[in-house]
Amino acid sequence: MTPFDYLKKTKKKRMDELFTLLRFASVSAKSEHKKDVKACAVWVLDHLKKIGFKTELHATKGHPVVYAEYMVDKKLPTVLYYGHYDVQPPEPYELWKTEPFQPVIRSGYICARGATDDKGQLFTHVKGLEAIIKSTGTLPINVKMIVEGEEEVHSTNLPVFLRKNKKKLKADIAVISDSGQFSKTLPAVTFGLRGIASVEVFVYGPNRDVHSGSFGGAIANPVNVLCDMISRLHDKSGKITIPGFYQRAKKVSAWEKKQFKKLPFTQKAYMKGLNVSALQGEKGYTTFERTWSRPTLDVNGFTGGYQGEGAKTIIPSYASCKITMRLVPDMEPGDICDKIEKYLQRIAPKSVKVKVDKHGGAKGVVVPTDGPWLDAAAQAIKTGFGKVPVFMKEGGSIPVVVDFKEMLGMDTLLLGLGQCDDNAHSPNERFRVVDFERGCKMAAALPAELAKVGD
Ligand code: BES
Ligand code: MN
Ligand code: MN
């Protein structure tokens with residue numbers, strides 16, 4: 001029996017197991033889910049143990065890290081797989097067609113929070129490796145695996161784990177499936193991710209909510225002020241106005257521009273997919289350049305005043321918002337957080353107090369676009385998907401990729417399996433059954449290809 005036969009034979013069971021994994025409400029952002037997060041980690045650990053991995057649960061200051069290894073022979077290449085078992089909060093609940101933590105298959109999609117990001121993608125590798133072990137009795141490479149529970153909250157405690165276990169984690173190459181294919185008909189290898197820097201901004205006005213009739217006109221309204229401050233973070237051409245923001249940003253290279261132009265894209269279809277009638281962004285750049293290779297700034301949420309039923313005529317006492325900035329190499333999250341804080345304090349009117357909480361983030365990253373590891377990955381993708389992958393970048397962030405490079409001196413193969421309409425982080429998250437199946441096939445083909453690099 002080949003690994004591919006094994007996958008075919010176990011199709012139903014494999015989906016049942018993925019459903020079990022998806023039923024854990026492993027929302028890392030919320031303390032009320034701490035137990036669910038832990039239970040999910042333990043399930044992943046037990047599952048890997050049953051397949052034949054040596055496993056360890058590593059406690060951190062936050063959620064635990066699952067570590068597993070399957071060591072075969074020192075002479076073989078060692079591959080470090082990474083994935084995350086935590087998920088984004090499911091809210092707003094009312095927009096879900098079915099329960100976020102009760103997976104169902106609907107019109108060819110596995111629907112649940114975490115289906116694509118990242119439980120479904122992670123599971124393709126778990127099942128691909130299992131297929132090889134069960135059908136051949138071993139693996140053609142040494143495998144180490146990290147499955148973390150804090151990716152969606154900036155991987156805050158992962159660097160400590162990595163530093164402590166540097167030796168144990170030593171590998172020749174890392175593999176991560178936590179991003180997308182180019183399209184439903186075109187698989188891809190991702191060669192770059194943006195970084196991220198996060199802040200939360202608080203604007204304080206009067207010491208309590210006050211009657212807007214009695215006080216309106218005499219004092220600053222924190223909501224109005226924060227809106228005004230936010231509006232001053234971009235200029236008319238879509239450039240970010242924070243002094244020094246672009247200082248360390250690498251230019252979009254001619255090679256990248258050329259590469260992006262080769263990818264099939266129409267603005268019309270892009271707009272239709274989002275139901276918007278125009279696009280907006282930094283002048284002088286294409287959509288791919290804007291989302292993959294240029295830094296950006298966005299408000300993720302805004303709080304202030306009264307939004308309950310009916311009317312309430314007040315001037316709110318405070319307002320706040322969460323802002324994230326996507327970074328490109330060689331921007332530093334700490335430096336960018338300092339710069340936005342300084343700028344916001346400078347433009348804040350005297351009539352309010354402004355506080356900026358800096359949450360830091362991760363740097364952007366670019367990985368090699370050629371070499372034997374990449375050829376191996378491309379070959380495995382061809383086996384799984386029947387097509388040679390294209391090169392693309394992604395605008396999202398996976399903090400660990402930079403740590404792998406800087407701390408462990410290792411490059412990463414970013415083999416995304418999702419689609420841009422999988423609704424990651426949105427209501428009705430989903431993962432195509434065919435992408436899961438092809439992903440498992442790719443994952444079952446990958447170790448043999450990677451093994452050849454060591455020959
Ligand atoms: N899987 C995503 C990263 C991603 C998103 C890659 C889109 C490619 C395309 C990951 O789970 C994620 O959401 N990362 C966060 C990181 C942040 C919380 C530090 C992100 O990008 O917002
Ligand atoms: Mn992810
Ligand atoms: Mn995510």
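Placing +1 on each Lys and Arg Cβ and -1 on each Asp and Glu Cβ, with no other charges, gives the range 310-412 a dipole about its Cα centre of roughly 820 debye. With a Cα cut-off of under 26 Å and a minimum spacing of 8 residues unless on different chains, the lysine pairs in the range 369-455 number 9.
Under 5 Å between amide hydrogens, built in the peptide plane, is the criterion, and for Asp209 it picks out Ser317 among residues at least 5 positions away or on other chains. Between the range 168-219 and the range 68-136, the alpha-carbon centres lie 23 Å apart.
Across the range 382-396, rounded Karplus estimates of 3J(HN,Hα) from the backbone phi angles (6.51 cos²θ - 1.76 cosθ + 1.60, θ = phi - 60°) give 4, 4, x, 10, x, 9, 6, x, 9, 9, 9, 10, 9, x, x Hz, Gly and Pro being marked x.
Sorted by accessible area (1.4 Å probe), largest first, how do Arg290, Arg14, Arg438, Arg208 line up?
Details: Arg290 55, Arg14 5, Arg438 85, Arg208 130 Å².
Listed by decreasing accessible area, they come as Arg208, Arg438, Arg290, Arg14.
Please give the calculated 222 nm ellipticity per residue for the chain, where each DSSP H segment of at least 4 residues contributes -39500 (n - 2.57) and the sum is spread over every residue; nearest 500 deg cm²/dmol? Walk me through the intermediate numbers first.
Numbers: 13 runs with 153 residues, N = 455.
Using -39500 (n - 2.57) per qualifying helix, the result is -10500 deg cm²/dmol.
Ordering Gly304, Ala220, Pro243 by Cα displacement along the dipole of the range 171-318 toward the positive end leaves Pro243 in first place; charges were set at the Cβ atoms of Lys, Arg (+1) and Asp, Glu (-1). Whole-Hz Karplus values for the range 398-411 come out as 10, x, 5, 4, 5, 4, 4, 5, 7, 8, 10, x, 10, 7 Hz, taken residue by residue from phi with 6.51 cos²θ - 1.76 cosθ + 1.60 and θ = phi - 60°; glycine and proline positions read x. Dipole size of the range 284-334 about its Cα centre, with +1 on Lys/Arg Cβ and -1 on Asp/Glu Cβ: approximately 120 debye, rounded to the nearest 20.
Based on the mean of other Cβ atoms within 10 Å per residue, sort peptides 421-427, 49-55 so the most packed one is first.
Numbers: 421-427: 17.9, 49-55: 15.4.
Ranked by mean Cβ neighbours within 10 Å, highest first: 421-427, 49-55.
In the chain, Cα pairs under 8 Å separated by at least six residues give a relative contact order of 26 percent. Taking each of Lys35/Lys342; Lys61/Lys339; Lys167/Lys322; Lys61/Lys312; Lys9/Lys268; Lys134/Lys262 in turn, the alpha-carbon distance tops 31 angstrom for Lys35/Lys342; Lys167/Lys322; Lys61/Lys312; Lys9/Lys268; Lys134/Lys262.
Which whole-number value in Å² is the accessible area per residue of the chain, probe 1.4 Å? Intermediate values should be presented prior to the final figure.
On the way: 21060 Å² over 455 residues.
Here the per-residue accessible area is 46 Å².
Shown for the chain: the carbon plus sulfur share of the solvent-accessible area, taken with all protein chains present and a 1.4 angstrom probe, equals 52%. Placing a label point 7 Å from the Cα of Val72 along the Cα-to-Cβ line, the residues of the range 428-447 whose backbone N sits under 15 Å from it are 443-447.
For a modelled paramagnetic label at Ile219, 7 Å from Cα along Cα-to-Cβ, the residues of the range 342-362 in reach, with backbone nitrogen under 13 Å, are 351-353.
What's the ranking of 179-186, 255-262 by average number of surrounding C-beta atoms within 10 Å, highest first?
Details: 179-186: 18.9, 255-262: 13.9.
Result, highest mean first: 179-186, 255-262.
Towards the positive end of the charge dipole of the range 1-58, with charges on Cβ (+1 Lys, Arg; -1 Asp, Glu), say which of Ala41, Phe24, Met1 has the farthest Cα. Toward the positive end, the furthest listed residue is Met1. Note on Phe391: accessible area approximately 50 square angstrom, rounded to 10, probe 1.4 Å, nucleic acids and ligands left out. Only protein heavy atoms count here; under a 1.4 Å probe, Thr60 has an accessible surface of about 40 Å². Computed from the C-beta positions of Lys257 and Asp330 and an R0 of 25 Å, the FRET efficiency is 0.85 to the nearest 0.05.
Here's the picture: a label point sits 7 Å out from the Cα of Arg106 along the beta-carbon direction, and within the range 264-283 the residues with their amide nitrogen under 20 Å of it are 273-275. Ordering Met331, Pro264, Pro316 by Cα displacement along the dipole of the chain toward the positive end leaves Pro264 in first place; charges were set at the Cβ atoms of Lys, Arg (+1) and Asp, Glu (-1).
May I ask you to rank Ser351, Ser317 by accessible area, largest first, using a 1.4 Å probe over the protein chains only?
On the way: Ser351 70, Ser317 20 Å².
Order by accessible area, largest first: Ser351, Ser317.
Amide H to amide H, with H built 1.01 Å from N, Val175 comes under 5 Å of Leu80, Tyr81, Tyr82, Leu413, counting only residues 5 or more places away or on other chains.
In order along the range 184-198, the phi-based Karplus estimate (6.51 cos²θ - 1.76 cosθ + 1.60, θ = phi - 60°) of 3J(HN,Hα) comes to 5, 10, 9, x, 8, 10, 8, 10, x, 10, 7, x, 8, 9, 10 Hz; Gly and Pro are listed as x.
Using a simple charge model, +1 on the beta-carbon of Lys and Arg, -1 on the beta-carbon of Asp and Glu, nothing else, what dipole does the chain show about its Cα centre, in debye to the nearest 20?
560
The values are calculated or read from the model by the stated rules, or taken from the named source; none is laboratory data. Because the structure is a prediction, the values reported are computed rather than measured. A quick note on method: Cβ atoms are made from the backbone with ideal geometry, for glycine too, and the neighbour counts reach across all protein chains shown. With ligands, DNA and RNA removed, areas are computed over all heavy atoms of the protein, side chains included. Shrake-Rupley method; radii C 1.70, N 1.55, O 1.52, S 1.80 Å.
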